[in-house]
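For reference, the structure is listed below as structure tokens.
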Amino acid sequence: TQIKQEGIVLYNSGKYKLARRRKLNYAEIKEQAQEYFDEKFSYANDFFGVTKLIYENMNNYKLCSFNLHQACENYFYALRLVHTLKNSKQHNLSKLLGATHKYSPELRKIFPRKMKEDKRLFELLRLAYVEARYNSKFVVTQEEIEALFPKVEKLRDITEQICKSQIEVYRQMGK
């Protein structure tokens, strides 16, 4: 649908026609949501697992911060895709959190930003997407990574619970 709306036809033989857009039934929605969840949740878990390996074996905290960002990004993608079957290519964790917090009040509790230290840690994680790769002066400490690990673990657990619950809702509605 998106390709049809936004794409530019480079060649048209006239032999084929794109299917018309239609509403999916709940069985199709459940199937698509499950596929999105499996892919994005797995990516997120892989990034998180790699972060732990880097932390334990290389002590490269800057690279750890980038991978934690990627894990969070993919957990947020899983949430959005399971609920809407749509996802924009967004890397800003503030915007992703804002777009997904409606699925559970627990999401805002993971990354509270009222206390100065919580705000600083979230900002470090948010900035890691670009800064960890391109800014040689970007510094991340062992303590900061250790403070972020439980937050990302909580995001993982809440994401899994919310997504599985929503997929079950689709399954029930498709009966």
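The values are calculated or read from the model by the stated rules, or taken from the named source; none is laboratory data. Keep in mind the model is a prediction, meaning the values are calculated, not measured. No Cβ is skipped: glycine too gets one built from the backbone with ideal geometry, and neighbour counts run over all protein chains shown. Accessible surface areas use protein heavy atoms only, side chains included; no ligands, DNA or RNA. Shrake-Rupley method; radii C 1.70, N 1.55, O 1.52, S 1.80 Å.
Under the condition of being in contact with a Lys or Arg (Cβ under 7 Å, 6 or more places away or on another chain) and open to solvent by less than 60 Å² (accessible area, probe 1.4 Å), the residues counted in segment 121-175 number 7. If you go through segment 5-22 one residue at a time, do you hit one that is within 20 Å of the chain's Cα centre (by Cα) and more than 27 Å from Leu124 (Cα to Cα)? Within segment 5-22, none of the residues are within 20 Å of the chain's Cα centre (by Cα) and more than 27 Å from Leu124 (Cα to Cα).
For Tyr55, the conditions (1) among the hydroxyl-bearing types (Ser, Thr, Tyr); (2) under 22 Å from Lys151 (Cβ atoms); (3) free of Cβ contacts under 8 Å to residues at least 24 places away in the same chain all hold with the exception of (3).
Polar (S, T, N, Q) and under 16 Å from the mean Cα position of the chain (by Cα): does that describe Asn45? Criteria met by Asn45.
If you go through segment 111-150 and keep only what is part of a loop (DSSP other than H, G, I, E, B) and not β-branched (Val, Ile, Thr), you end up with Phe111, Pro112, Arg113, Lys114, Met115, Asn135, Ser136, Lys137, Phe138. Residues that are crowded, with 16+ Cβ neighbours inside 10 Å and not in a helix (DSSP H, G or I) within segment 71-110 comprise Asn87, Ser104, listed in sequence order. Are any residues in segment 111-120 out of contact with any Cys (no Cβ under 9 Å at 6 or more places or on another chain) and open to solvent by less than 50 Å² (accessible area, probe 1.4 Å), and if so, which ones? Across segment 111-120, the qualifying residues are Pro112, Asp118. Which one of Lys89, Lys116 is at pLDDT below 95 and more than 14 Å from the chain's Cα centre (by Cα)? Exactly one residue qualifies, and that residue is Lys116.
For segment 99-121, the set of residues classified as farther than 17 Å from Thr159 by Cβ and among the hydrophobic types (A, V, I, L, M, F, W, C) consists of Met115, Leu121, listed by residue number.
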